[in-house]
Amino acid sequence: MCAGVIDISMSRPKSKTKQPTVLVDGEVIRQIRQHARSFSKTEVCGVLIGSQEKNALAIEACIAGLNAAQAGTHVTFTQDTWEHIYKTKDREYPERRIVGWYHSHPGFGVFLSDHDTFIHKNFFSSPLQVAWVYDPHSDEEGCFGWVGERIERLSEIAVTDRKGGEGAGETGKPEPVGAADESEEEVRSSVNRESDAPAWLRWTTSILSYVLVMAIGFFVCWLLFPRPIIFFVNPFNRTAVQAPPGTHINSDGSISLPPMPELEAPRPEKPQRDVKPPTQESAPQAPPKTDSGKDPHAPRQ
């Protein structure tokens, strides 16, 4: 395993009594942070599982405190919480013991309040049991433990890595190639192609693209925005006739008509000289009458 020493209280003077040595697994810290970040407005809690030897404490796992009484500024272990903790410990960590507890302070720093101190003194009173506090808003964290008869924030803890000791290049895993890498390569190639084009071609393409966008904008405006249609109404028969194209309304309310084509005046018709008046011969003759004065072609009665 690989261990690192972290100073979590550099500005505070050390106590004369020797502090306990705390060794915590990095995976435990990650789980505590994940649990606290899932509830960013209320406190969460859990217990720390590990082993003790003389003045050294090893934190190897943690159990989240389900069904705890959560509030914005404090959290309480309920009976259901303890039942869940002991069942999980007996099932997964039968050879380990409870070496402390953790809880979150969302947005108000790392410290032990009066309520937290009461929990630690009554439920975690063993000399090597500790309290881990984490603020998910500021990512600050600290470890509190017994130093003599007092509970103090420990100035040093050691963090271990379970995967420590693996040789470089012995995992056999290649570098991941994702879609982001491919997209970056496409962007670089497109930029290179554009930079290789001549300047006049880039200018022409830009101007044509702007003109095309403006033309599309005018066409869309012509389709979407209404256009006035002028009608002339005959006041006598109340019929409406659409004005000719080009007619528009001026700002003063008058109507301007488009220029009308000039019309030629009709020419007078010439008299027909070759037409002769009808003569007596060409006039229709009346049917002959008999002596009795009746028409011979009339039907008999």
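Read-outs: derived from the displayed coordinates by stated rules, not from any lab. Everything numeric in this text was worked out from a predicted model, so none of it was measured. Cβ coordinates were reconstructed from backbone atoms using ideal geometry, including for glycine residues, and neighbour counts include every protein chain displayed.
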Residue 21-residue 162 pseudo-label distance in nm [points 7 Å out on the Cα-to-Cβ vector]: 2.3
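Which of the residue pairs 87/163; 18/121; 89/121; 18/54 have a Cα-Cα distance greater than 24 Å in the structure shown?
Working: 87/163 28 Å; 18/121 20 Å; 89/121 22 Å; 18/54 13 Å.
Checking Cα-Cα distances, 87/163 exceed 24 Å.
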Descending packing, highest mean Cβ count within 10 Å first, for 210-222, 129-141 is 129-141, 210-222
Under a point spin-label approximation (7 Å from Cα along Cα-to-Cβ), what is the residue 207-residue 123 distance to one decimal in nm? 7.8
For the pair residue 40 and residue 215, the simple spin-label estimate (label points 7 Å beyond Cα toward Cβ) gives in nm 5.0
